[in-house]
Each structure stands twice: as structure tokens, then as C-alpha cells.
Amino acid sequence: MKRALLVVDIQNDFCEGGSLAVTGASEIIPVVNSLIQKFKASGDLVVATKDWHPKTHKSFASNSGGTVGELGELEGLPQVWWPDHCVQNTSGSDFHPKLQKDYIDVVVYKGTNPDVDSYSTFFDNAKREKTNLDDILKEKGIKSIYIVGLATDYCVKFSALDGIDIGYDVYVVEDGCRGVNLSPTDSRNAIKEMKLKGVKIIESIDIQ
Ligand code: VGL
Ligand code: ZN
């Protein structure tokens, strides 16, 4: 196993009809499914992540008295107030029905602590707690990660930047991602920032 495909948060609430729907989310499913098959065929690791919030999560506007889409503060950190989304064991937190689930080797959960948001699949936003992702990759000797999923300007971006900080070679597959775009340029800026910090931005056809 030389590399891992990281399939970020392709869950119903982030897709069309969901509570925090990302425009064009379902368009990435065929791209992601073919990469899952490719990684499986080459004996590489397929990791999928789930945003996995308790219903009391304080990033939800409903629990914090904020307005959806506006910026506030949570435990000293800037926090966008979100609609309720990806609540544990609800259909909104299930993977999209068309996602190829049979070849997912491991699912990493994040966002379980109600007091802090967690965009990166490596750490919570306060960097207090780690998920098991780094240990899983290190245990298998994997040094390169290829990221696809939702959303370009949040979980994809912060996972990619943390991956670089920890020392991985990080590739973001642009046609396998879509962004929230609270501001229309958010995804474009996220791509620029990732590039500047050493993330390689590629297209799915570039992957062997
Ligand atoms: C995400 C906003 C809130 C994401 C998760 O997966 O990008 N965005 N929670
Ligand atoms: Zn969330």
C-alpha cells in the first residue's frame, strides 16, 4: 500500500436535498467511484470520513442562537453557524446512496465533540484532539494521500493543510470536490491557499 484515497464527507446532508447542500455535490460521485475502484485495483487504501455530530453540536445555529451562514465565535475560535447537519445515526449522515461503499476499507468519524467544530479529518479545529486517521496511515506506511469529497472550502481544505503539516504528500483532485461557497470565491481561494502551502492540485485523469 503506497497511497490512500481520502473520501471526505460524501453524506446526504451535504448533497442535493440535504440540510447543508453543496451545489453540484452529486456530480462528483462518478469521479469518486472510479477512483475508489482504481485504488482498490492497485491494492491501495480507501478511507472515507463522516461528519458525525451529536444533535447538541454547538456549530449548529439552532444550539448557539446564531444565524445560519454568519460568523460567530465558539470557545474562542471563529465559527460559522451551520444548519443542523450530519447528526449521528440519521439519514442525513448516511453516505450518498450512489457512493461505492463496498470498497471502503475504513471510516473515520469527526465532529463528535459538541463543543468544537472539526473540519479537518486529522484534528478538531482547536487542535486539541486527533482522529485515528494519522495512526491508520502511519501503521500502513502510507505517505501520499489523494483527497476527494465535500467541501472544497472546509473539510477538504483543512484536511489537506493538516496533511501537509504532518508531512504527507497531499493531492487534491479538483474535479472530485465541490465547495459550500458562502462567498462565491471561497473554493477558488481555498484551491489557491492549498497550492501555496504545497498541496498538489490535480484532475482525476492525472491519476494512474
Ligand atoms: C463541513 C461545514 C460543516 C464539511 C462540515 O464537511 O466541509 N462543512 N461541517
Ligand atoms: Zn459539520
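What do you reckon, is residue 45 closer than 15 Å to residue 172 by Cα and aliphatic (A, V, I, L, M)?
Numbers: closer than 15 Å to residue 172 by Cα: no; aliphatic (A, V, I, L, M): yes.
No: the conditions fail for residue 45.
Could you list, in sequence order, all residues of the stretch 46-62 that are small (Gly, Ala, Ser) and either part of a strand (DSSP E or B) or closer than 16 Å to residue 125 by Cβ (or both)?
Across the stretch 46-62, the qualifying residues are 48, 59.
Going by the conditions given, is residue 26 surrounded by 15 or more Cβ atoms within 10 Å (Cβ to Cβ) and in a loop (DSSP other than H, G, I, E, B)?
Numbers: surrounded by 15 or more Cβ atoms within 10 Å (Cβ to Cβ): yes; in a loop (DSSP other than H, G, I, E, B): no.
Criteria not met by residue 26.
Residue by residue, here is whether (1) among the aromatic types (Phe, Trp, Tyr); (2) touching an Asp or Glu at 6+ places or on another chain (Cβ under 9 Å); (3) within 16 Å of ligand 2 (Cβ to nearest atom) holds:
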site: 166; (1), (2), (3): no, yes, no
site: 182; (1), (2), (3): no, yes, yes
site: 185; (1), (2), (3): no, no, no
site: 199; (1), (2), (3): no, yes, no
site: 204; (1), (2), (3): no, yes, no
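Looking only at the stretch 9-19, decide whether some residue is over 16 Å from residue 149 (Cα atoms) and modelled with pLDDT of 95 or more.
Checked against the condition, which is being over 16 Å from residue 149 (Cα atoms) and modelled with pLDDT of 95 or more, the stretch 9-19 yields at least one hit.
For the stretch 181-208, enumerate the residues that are basic (Lys, Arg) and over 28 Å from residue 82 (Cα atoms).
Of all residues in the stretch 181-208, those basic (Lys, Arg) come to 188, 192, 195, 197, 200.
Across the stretch 181-208, the qualifying residue is only 200.
Without any contact (Cβ under 8 Å) to a residue 60 or more places away in the chain, part of a loop (DSSP other than H, G, I, E, B) and surrounded by fewer than 20 Cβ atoms within 10 Å (Cβ to Cβ): does that describe residue 43? Spell out how you get there, then give the answer.
Details: without any contact (Cβ under 8 Å) to a residue 60 or more places away in the chain: yes; part of a loop (DSSP other than H, G, I, E, B): yes; surrounded by fewer than 20 Cβ atoms within 10 Å (Cβ to Cβ): yes.
It is true that residue 43 is without any contact (Cβ under 8 Å) to a residue 60 or more places away in the chain, part of a loop (DSSP other than H, G, I, E, B) and surrounded by fewer than 20 Cβ atoms within 10 Å (Cβ to Cβ).
Yes/no matrix, rows are residues, columns are (1) within 24 Å of residue 87 (Cα to Cα); (2) more than 10 Å from ligand 1 (Cβ to nearest atom); (3) part of a helix (DSSP H, G or I); (4) of a type in the set (Phe, Trp, Tyr):
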residue: 99; (1), (2), (3), (4): yes, yes, no, no
residue: 107; (1), (2), (3), (4): yes, yes, no, no
residue: 113; (1), (2), (3), (4): yes, yes, no, no
residue: 136; (1), (2), (3), (4): no, yes, yes, no
residue: 141; (1), (2), (3), (4): no, yes, no, no
residue: 145; (1), (2), (3), (4): no, yes, no, no
residue: 153; (1), (2), (3), (4): yes, no, yes, no
residue: 165; (1), (2), (3), (4): no, yes, yes, no
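Can you tell me which residue among 124, 84 is free of Cβ contacts under 8 Å to residues at least 24 places away in the same chain and either surrounded by 15 or more Cβ atoms within 10 Å (Cβ to Cβ) or of a type in the set (Val, Ile, Thr) (or both)?
124
Quick grid of which residues meet (1) in contact (Cβ under 8 Å) with a residue 24 or more places away in the chain; (2) crowded, with 22+ Cβ neighbours inside 10 Å:
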site	(1), (2)
49	yes, yes
89	no, no
108	yes, no
115	yes, no
119	yes, yes
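The values are calculated or read from the model by the stated rules, or taken from the named source; none is laboratory data. Computed from a predicted model, the values in this text were never measured in an experiment. FYI the Cβ positions are ideal-geometry reconstructions off the backbone, even for glycines, and counts take in every protein chain you see.
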